[in-house]
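The values are calculated or read from the model by the stated rules, or taken from the named source; none is laboratory data. Not measured: the values here are computed from a predicted model. Please note: Cβ atoms are built from the backbone with ideal geometry, for glycine as well, and neighbour counts cover all protein chains shown.
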Amino acid sequence: MTNPPDDVDTLDAQDSEPTESVEDARRTQHDMWVSGTEERLPYSDATNEGAQELLPSSEDPALDIQRGISVDDDFVVPERVVDKERQIINMGPQHPSTHGVLRLHMELEGETVRRVKPIIGYLHTGMEKTAETLSYSQGSTNVTRMDYLAPFHNELVFSLAAEQLLTLEVPERASAIRILMTELNRVASHLLASATMGMDVGAISMMIYGWREREVCLDFFEKVTGLRMNHNYIRVGGVAADLPDGWEDDVMFLIDKVSAGVDEYEELLNENPIFLDRMLGVGVLTPAEVKQFGITGPVARASGVDWDLRKVAPYCGIEQYEFDVPLGRHGDSFDRYKIRIDEIRQSLRIAKQVVESMPLGDYRSLDAKVTPPPRARIDESMEALIHHFKLFTEGVNIPPGTAYQAVEGPRGEVGAYIVSKGGPKPWRLRWRAPSFAVIQALPAMMTDSLIADVIAALASTDPVLGDVDR
Amino acid sequence: MSVFIEAVIRVVIAFGFLLTTVLLLVWVERKFVSRLQNRIGPTRAGPFGILQTLADGLKSFFKEGITPDRADVWLYLAAPVIAVVTALLMFLVIPIGAPIEINGTTYSLAAMDIDVGLLYILAVSSIGVYAITLAGWASGSKYPLLGSVRASAQMISYEAAMGLALVPVVMFSGSLSISAIVESQQGTFFGVVPAWNVVLFPSFVVFLIAGFAETNRAPFDLVEAEQEIVGGYHTEYSGMRFALFFLAEYISVFNISALTTVLFLGGWSGPVFGPTVLQWVLPIFWFLLKTWLIILFFVWVRASLPRMRYDQLMAFGWKKLIPLTLGWIILLSIALGFRNFGAPWA
Amino acid sequence: MSWFADMLGPFRGFAVTLRQLSRPAVTTQYPDEKRVKPERFHGRHVLNRNLDGTEKCIGCELCAAVCPAKCIYVRGADNPPDNPVSEGERFGFVYEINMLRCIFCALCVEACPTEAITMTHLFEMSTTDRTEAIYTKDDLLVERDGTPNHPYPESPLININELRLGDGWMRATSPSGRADYEGVVQWSPSARTGSMPAEVGQSGDISHEETPDG
Ligand code: SF4
Ligand code: SF4
């Protein structure tokens, strides 16, 4: 174990007395208009709109048709109905900054958003159902595509759940490799989140810089797994292949590059008055709301909710590594940005420790019913050959039972719930998607704010619609 | 008659110069901003991609121009034209070099050297606001409407700041004619520092900031903030009509940079020596050099700053810039009064 | 001087962008320059031959069975006794991969017991016709001397030589998690790539008790 590097600063506010920072001073400085200074709607009111659209809001049906809430093709808007105050606007599914295909049904009064209804489902591909037709050996090719920015986490949680049913111990090296890859994946995902967040508030350079460093991560992933995304690398019983020759140098190079990059982002944005004005006090979520909506991950921690599964329910031996959980105080967009930047540093710290303490040995369970034999054994042993055939045609057989396993993904708790009735395929797979909880909290964050704040708040929650819709 | 022909020749030359410059300007911006972002920018069309803008223009020219169903057709079609025409007109009064003397006649190097140049510029740029407002309104669609409302508010408030920022310049130079303002900046203070109006530093800064807002450039590009309101006022425009808006925006960028040069950086003034031809060319060179440096500054700002929010932008304009310029005008008039009439206690 | 630094705070971002001017661009000018792909890259599949020119595929259909996208179609047939096509009893008589469905997971590569199907570094397979995306055995199988085939001719995009590289994933997954088997050649040489060495792996610290030969 190494000592924490001195330069790692955290937002740990739990034990230290909050001090008035530059940002705090600015938070109170908004002289014209601040989101959320008006009385907050109770969270239930903000979210109890219709299933896939805003509820009609007025007595006069003509008014709703005119605003576009309800549709009637033959209806001619009578002259007498003139609603000068409000209009309905559809942001998305085809909109430059809805992070995929989210659609926000918004009622505007001037530039102020009065009601919001997030509408999902444009990316629904039935992945949970598909999982029922794929064996556990093939399953990770499917789940890895759900949250496409955190493929390793998806594979890991799926494999852990299956291993839980098998009561299988994976070798130490496999766990260490899993930790390394998932933490680097967190780095890549947070880099992308920061990049797109910069882009959404108009800092175009930030976007390119974020992508620049993410590329270094993806290059490493490609070297290890052969693919930049959707790796199918973490399998039930371990990982598919060992780390490539010279991986230590690659990881250290990555750590250097990304740390330098992160310093640069902070230099670019942290003190920029326009960025602060756009971020501070925007899209606030209180700790109570965070808990009510079931939000996890950086968004929850930005509100000061100290909940990180790596500390609360450690997996893959992550408790051996030293790292801090950065916490925010205000739950606004700026804190979320800051938390992500700090988490990148913490993940790099874990990666460094993994490099220093990587155990040797096997990296896949030696259980012949789970792991196919080495290639050389196929020619030598009849039994090995049969196992090879069985595992690649039928797949891993899993005893009946149910298992829920969760890991801390870049967006919060990624969970896999597997119901097995025995046999090589799950009877039902249910996925807990962290982005889903955040999407349902959007109205609470956005009601009575400006359009520009909607974009900043949405970007700061970093939802992945592939994960929401599955 | 000959006056008429001379005017036509002058205008044609000015427009030709301007359009070529804009072609180059778009390319320079794209190249420079990509260097600031570790990219390489356009490389394919022509050497170093220098023909990229031409290619883009040609492409837009051959694209279908779609008119939305609910558009107010005539206004919808007129808006891009107004935008380009006002942008072009603004350039006419800017002198790009020192007056040239041929056969005893002095020719000014502005297409139209009028005595109230500054007022003309303010007037023309206010008409430019109509283009954007009308474009948003006539599109008959919601995002453009939001964009045009933002645009009208923004441009009207920054127009005020810009006008006020020009007052000290007029007071200092004692003329509304742009040529005269440049002339007044020849010479030096104490024999070393060039006597540029940049000594009116607050005006210079406010004028630059207002210039960013007038041209809808980052960080004031919320009129066309892609991430918020898709394309703003030009969301519904396609093909050549969109290209006209694009052209107008870049002409304005050049105009504002050129204006900053003539009003604050001494215009064409700079060391001039050598034979007559060189004496004609060098001032133009100095003018272009200063203008391009300002343009690069525009690009640099765009790469470095995020976009402001609507209410912050308005607050900044009305609560910071305008009081600042007003205070500065008062201060300056007192100082000038002392200079011209002597201090009361003296 | 700290007040001075504080005052400069808002402008520090300008220095960041300006600093980039001194750094090289990160852009790769594809297709003029192609980035170096890692060994394990998952690109287009090939069907390999042995050094003596016989096909490696024995028509066992394991690849078709494991494929999660169900994009491989194999039909085996008995080898003609006088002129065997493959080393085993049977050979892959029909072999098709629908590249539109393929997700390049490389499970087929892991499943193949004879290293017949492996992956290369070529990924330029775009087409304007869906039927062309179904690669038949003619497209996939290498020539007897190991020259790979591709349905499209060499072009600025397509560098046929990339079809000679690869197999990294097959080599990386061969030990299947056993430290003992790392750094050991567990595959027979193929006409396309010859004898490929094994990755070094972590072998330095692990003794090879039973070292099987290639
Ligand atoms: S790479 Fe995967 S999807 Fe493609 S053919 Fe092989 S097993 Fe099927
Ligand atoms: S390619 Fe390999 S797995 Fe597929 S049929 Fe041939 S020998 Fe069997």
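Points to keep in mind about this one:
- If you go through segment C:44-55 and pick out every residue that is within 16 Å of ligand 2 (Cβ to nearest atom), of a type outside the set (D, E, K, R) and out of contact with any Phe, Trp or Tyr (no Cβ under 8 Å at 6 or more places or on another chain), you end up with 4.
- Every listed requirement among (1) among the hydrophobic types (A, V, I, L, M, F, W, C); (2) touching a residue at least 60 places away in the same chain (Cβ under 8 Å); (3) within 14 Å of chain B (Cβ to nearest Cβ) is met by A:A260 save one, (2).
- Residue count for segment B:303-335, restricted to those that are closer than 23 Å to B:A160 by Cα and touching a residue at least 60 places away in the same chain (Cβ under 8 Å): 17
- Residues of segment C:14-48 classified as part of a loop (DSSP other than H, G, I, E, B), over 17 Å from A:D219 (Cβ atoms) and within 16 Å of ligand 1 (Cβ to nearest atom), total: 2
- Some residue of segment B:336-346 being in a helix (DSSP H, G or I) and touching a residue at least 24 places away in the same chain (Cβ under 8 Å): yes
- A:V216 vs. criteria within 14 Å of chain B (Cβ to nearest Cβ), assigned to a helix (DSSP H, G or I) and under 22 Å from A:L254 (Cβ atoms): yes
- Output for segment A:267-316, where each listed residue is outside any helix (DSSP H, G or I) and among the polar types (S, T, N, Q): A:N270, A:N272, A:T286, A:T296, A:S303
- Evaluation of A:N230 against (1) at pLDDT below 90; (2) among the polar types (S, T, N, Q); (3) more than 28 Å from C:Y181 (Cα to Cα) (one fails), failing number: (3)
- Helices (runs of 4 or more DSSP H) wholly inside segment A:370-470 that include at least 3 residues being away from chain C (no Cβ under 14 Å) and of a type in the set (A, V, I, L, M): A:434-446, A:451-461
- Checking the stated criteria, B:F316 turns out to be under 21 Å from B:F212 (Cα atoms), assigned to a helix (DSSP H, G or I) and within 14 Å of chain A (Cβ to nearest Cβ).
- From the list C:G59, C:G76, the lone residue that is more than 19 Å from C:G43 (Cα to Cα), outside any loop (DSSP other than H, G, I, E, B), over 15 Å from the mean Cα position of the chain (by Cα) and more than 15 Å from ligand 1 (Cβ to nearest atom) is C:G76.
- If you go through segment C:91-108 and keep only what is surrounded by fewer than 24 Cβ atoms within 10 Å (Cβ to Cβ) and near ligand 2 (Cβ under 9 Å from one of its atoms), you end up with just C:F91.
- Flag for B:V253 being touching a residue at least 24 places away in the same chain (Cβ under 8 Å), in contact with a Lys or Arg (Cβ under 7 Å, 6 or more places away or on another chain) and in a helix (DSSP H, G or I): yes
- Annotation for segment C:56-76: no member residue is more than 16 Å from ligand 2 (Cβ to nearest atom) and within 12 Å of chain A (Cβ to nearest Cβ).
- Any hit, segment C:83-99, residues being more than 17 Å from the chain's Cα centre (by Cα) and among the basic types (K, R): yes
- A:A176 vs. criteria crowded, with 22+ Cβ neighbours inside 10 Å and within 14 Å of another protein chain (Cβ to nearest Cβ): yes
- Selection status of B:G239, out of contact with any His (no Cβ under 7 Å at 6 or more places or on another chain), at positive phi and modelled with pLDDT under 85: yes
- Among all positions in segment C:34-43, there is no residue which is in contact with a strand residue (DSSP E or B) (Cβ under 8 Å, 6 or more places away or on another chain) and within 12 Å of ligand 2 (Cβ to nearest atom).
- Here the condition is being within 16 Å of ligand 1 (Cβ to nearest atom), in a helix (DSSP H, G or I) and touching a Lys or Arg at 6+ places or on another chain (Cβ under 9 Å); of C:A64, C:A69, it holds for C:A64 alone.
- Comparison of B:L332, B:L321, B:L305 shows that the only residue that is more than 11 Å from every other protein chain (Cβ to nearest Cβ), crowded, with 21+ Cβ neighbours inside 10 Å and not β-branched (V, I, T) is B:L321.
- Single condition B:I156 does not satisfy, out of (1) touching a residue at least 12 places away in the same chain (Cβ under 8 Å); (2) within 14 Å of chain A (Cβ to nearest Cβ); (3) closer than 17 Å to B:L222 by Cα; (4) surrounded by fewer than 22 Cβ atoms within 10 Å (Cβ to Cβ): (2)
- Residues satisfying the stated conditions in segment A:350-369, i.e. among the basic types (K, R) and at the interface with chain C (Cβ under 7 Å from one of its Cβ atoms): A:R364
- Unique match (being among the hydrophobic types (A, V, I, L, M, F, W, C) and over 25 Å from A:T225 (Cα atoms)) among C:F93, C:F104: C:F93
- Sole exception among (1) touching a helix residue (DSSP H, G or I) at 6+ places or on another chain (Cβ under 6 Å); (2) away from chain B (no Cβ under 14 Å); (3) modelled with pLDDT of 90 or more for A:P151, by number: (1)
- Number of the exception - C:N48 against (1) under 30 Å from A:G210 (Cβ atoms); (2) among the polar types (S, T, N, Q); (3) crowded, with 21+ Cβ neighbours inside 10 Å: (1)
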